[in-house]
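The values are calculated or read from the model by the stated rules, or taken from the named source; none is laboratory data. What you are looking at is a predicted structure, and each value in this text was computed from that prediction instead of being measured. Neighbour counts are summed over all protein chains in view; Cβ atoms, including those assigned to glycine, are modelled from backbone coordinates with ideal geometry. In case anyone asks, the SASA skips ligands and DNA or RNA and just uses the protein heavy atoms, side chains included. Shrake-Rupley method; radii C 1.70, N 1.55, O 1.52, S 1.80 Å.
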Amino acid sequence: MAIKTTDLIPQATIDRIIDSANIVDVVSEYVTLRRSGANYKGLCPFHDDKTPSFMVSASKGICKCFSCGVGGNAVHFIMQIEQLTYYEALRFLAKKQGIEIEDKELTPEQRQSINERESMFAINEWASKQFYENLKNDSDGRALGLAYFRSRGFRDDIIERFRLGFSLDRWDGIQEKAKKDGYKDEYLVKTGLCYRKDDGKINDRFRGRVMFPWFNVSGKVVAFGGRVLDSRTKGVSQKYVNSPESEIYSKARELYGIFQAKKQIAKEDCVYMVEGYTDVISMHQCGIENVVANSGTALTQEQIRLLHRYTNNIVLLYDGDAAGIHAALRGTDMLLAEGMNVKILLFPDGDDPDSFARKHNSTEFKDYINRHQTDFIIFKTNLLLDDAGHDPIKKANLTKDIVKSISVIPEEIVRSTYIHECSEMLQIDEAVLLRQTQKDRAAALEEVRKEAERARERARYLAQKEATKPNGENDDTQETQKEEQRTLPQDTADVTDRQAPITGETNTTDTQHTIKTPAVEDVLNMRRQTAEDRKFEGLERLIMRIIIRYGADKVKMNDDDDNIIEVSMIEFVRQQMELGDLHFRTPIYTKMLNEVFEHQNDEGFSPSRYLTYSPDEDISREAVNLLSDRYQLSSKDMEQVTPAQEMAPSQIEHIIYDYKFACIETELKQCKMSLTSPEISNDDEACKQILQRIMELSNMRRGLAKELGERVLLK
């Protein structure tokens, strides 16, 4: 049996958490928002967003992306952005708001079913504090670990800000302490704090190393980096050891220092990218806080999009040697393709961000950056020109390389500007560069189109495979099907009708982040859905839209004695549905309507609040869709809008008449079709009953059409 959130947290506490969670404040922790009328907007954190399409409504307490469709309330936003359960998201917000949660007494089965992710986060948090305590209070920690950080010039406040630590030089140091504090070995292994040998013995992965915790964007410890001390680096194959990938950590998604830097990145509208832990820490100590590190690995689209939530501007800071130049060129086309403004700064030989920061204060450092940073395209052009010299073949190849980088830039005006600049620098006709740029873009877009077509074909194949299964077959191949679904890109929507982002890398076949494909189940649903299904779904959506927006409002209606009475809009709908013996057909709207009818008499019941904060993600997501408006009306336009109390009753009555009419039409068709069946046509009594029902339905249709006054009956 599934555990309800109210089994874990008292309802009164849930209400308090929801009431205190300001949607604008919550989203602002992850997305840079700017006011747009009565709402706020920013770049969507859930898809490749080039122009702000993510809207946040403070008055409604909801957010929604009008491009990819993702949205919800504060709780569901945290669920999606942090990949948490509803229960975990509530606890997350409660901690942010300083609300103490007194968990209800749980059965052993309930405790076991709580998501293990929380246990992994908990043991990482415990371990980071333990490493920090070792650094401060253990004799070896002070003599070795703290001495190392002191030698790097790190102050105590900086050590505390990044929670730097030390892992004792013992094979079972962390394990023994964890066991004493009640933590299980399985989570030590799952988080990578320890590893299990072939003989089953567990060893400490980071023994004898100084520790650098990785905080995700919300401040949770997801991983660690451990550096062997200088005295032991000789002959050591791995100076740094990092946590392995786990359920809570993926190196492709995380950036070191993002939690400490995110507010300053948004404030400065710029981020500095460096390579290592100590580069980040030294720059913070120097007074420059809008800095992150990718720890020497190639940038990924997930990391770039994480940064793009806060700024469009990035400066890559690297050493001036050959390795630094190579690092500067790596992944930059991906940054350009994401619409980032990329600049490069190479430090003088012998310096890196860490050493340079220790020699200068923040004013001197920023001044140096402003004077020496170079636009990436100009940097790359100059670099390759120097390398090509007077060799015409090399120059032709470098021209193709530079144009390929320009071709991935999504903004046409920016591309045109770079083409003009490069034309002068390379002394090549601008028209030639423009044609090559268009050719590169066309080739990349064609590859996107082909990949989308392959994805659609794959989806159709899986749909046909599912449709040809014998009825009642208990699907033993679900895991295989799920694996097949995971191999598909996420969406195939109209890739040929829009300017899809282009990766611009040598390998242009990786389009998983620019194409989305519907899940196999969605494909099956679309194939099975008839025009009638869509008609009923549309009418049910209209009814639910009115209920969720005006459900608590009072409306006037006539009772059985023709007296005018006031009832809630929900009650008005319920009575109309009962009078017509109507029942919804679309599962999600059926579920939402039943929830509203069941709770309409609860004290202070609000359908919009109740449905948008439902633990059922399907209900809450659809409720947000029904509440969302793409555009905000001006005050002048609002004066022309009919008040809900005057508009809604007549509108809902008309929609219900439409719904009833659709039900009659559908049943009529079914009755007429049944007469063609041999079983019915050969049974006189069955034929008589169906013909009688057809007459009844036809009379009902005429009467309803007369009431509507606008139906044209078809023979």
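So here's what we get for this one:
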item	result
Helices (runs of 4 or more DSSP H) wholly inside the stretch 390-502 containing at least 1 residues that are modelled with pLDDT of 85 or more	392-407, 412-426, 430-467
Pair list, Cβ under 7 Å, 6 or more apart: the stretch 299-319 residue hydroxyl-bearing (Ser, Thr, Tyr), other residue modelled with pLDDT of 90 or more and open to solvent by 10 Å² or more (accessible area, probe 1.4 Å)	THR311/CYS270
Residues (within 20 Å of CYS422 (Cβ to Cβ) and either modelled with pLDDT of 85 or more or assigned to a loop (DSSP other than H, G, I, E, B) (or both)) located in the stretch 338-376	GLY339, MET340, ASN341, VAL342, LYS343, ILE344, GLN373, THR374, ASP375
Selection within the stretch 586-614 - assigned to a loop (DSSP other than H, G, I, E, B) and either open to solvent by less than 80 Å² (accessible area, probe 1.4 Å) or in contact with an Asp or Glu (Cβ under 7 Å, 6 or more places away or on another chain) (or both)	THR586, GLN600, ASP602, GLY604, PHE605, SER606, TYR613, SER614
In the stretch 366-396, residue most open to solvent (accessible area, probe 1.4 Å) [restricted to those that are aromatic (Phe, Trp, Tyr) and within 19 Å of ILE406 (Cβ to Cβ)]	PHE379
Failed condition for TYR87, given (1) of a type in the set (Ser, Thr, Tyr); (2) part of a strand (DSSP E or B); (3) touching a residue at least 40 places away in the same chain (Cβ under 8 Å)	(2)
Residue in the stretch 172-187 that is open to solvent by less than 30 Å² (accessible area, probe 1.4 Å) and assigned to a loop (DSSP other than H, G, I, E, B) present	no
Answer from ARG460, ARG358 - the residue that is open to solvent by 80 Å² or more (accessible area, probe 1.4 Å) and farther than 30 Å from ILE158 by Cβ	ARG460
Evaluation of ALA223 against (1) of a type outside the set (Asp, Glu); (2) surrounded by fewer than 19 Cβ atoms within 10 Å (Cβ to Cβ); (3) touching a Ser or Thr at 6+ places or on another chain (Cβ under 7 Å); (4) not in a loop (DSSP other than H, G, I, E, B) (one fails), failing number	(2)
Those residues of the stretch 188-204 which are more than 20 Å from GLY225 (Cβ to Cβ) and either buried (at least 20 other Cβ atoms within 10 Å of the Cβ) or not acidic (Asp, Glu) (or both), in sequence order	ARG196, LYS197, GLY200, LYS201, ILE202
The stretch 418-470 - residue that is touching a helix residue (DSSP H, G or I) at 6+ places or on another chain (Cβ under 9 Å) and of a type in the set (Val, Ile, Thr) and, of those, farthest from ASP386 (Cα to Cα)	VAL448
Search result, residues across the stretch 396-435 that are over 27 Å from LYS50 (Cβ atoms) and touching a residue at least 40 places away in the same chain (Cβ under 8 Å)	MET425, LEU426
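Matching residues to (1) out of contact with any strand residue (DSSP E or B) (no Cβ under 8 Å at 6 or more places or on another chain); (2) at pLDDT 75 or above; (3) closer than 28 Å to PHE572 by Cβ; (4) open to solvent by less than 70 Å² (accessible area, probe 1.4 Å):
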| position | (1), (2), (3), (4) |
| --- | --- |
| SER620 | no, yes, yes, yes |
| LEU627 | no, yes, yes, yes |
| ASP637 | yes, no, yes, no |
| GLU646 | yes, no, yes, no |
| PRO649 | no, no, yes, yes |
| HIS654 | yes, yes, yes, yes |
| TYR657 | yes, yes, yes, yes |
| THR666 | yes, yes, yes, yes |
| SER681 | yes, yes, no, yes |
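Conditions (1) surrounded by fewer than 16 Cβ atoms within 10 Å (Cβ to Cβ); (2) at pLDDT 75 or above, marked per residue:
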site: MET526; (1), (2): yes, no
site: ILE565; (1), (2): yes, yes
site: SER568; (1), (2): no, yes
site: VAL573; (1), (2): no, yes
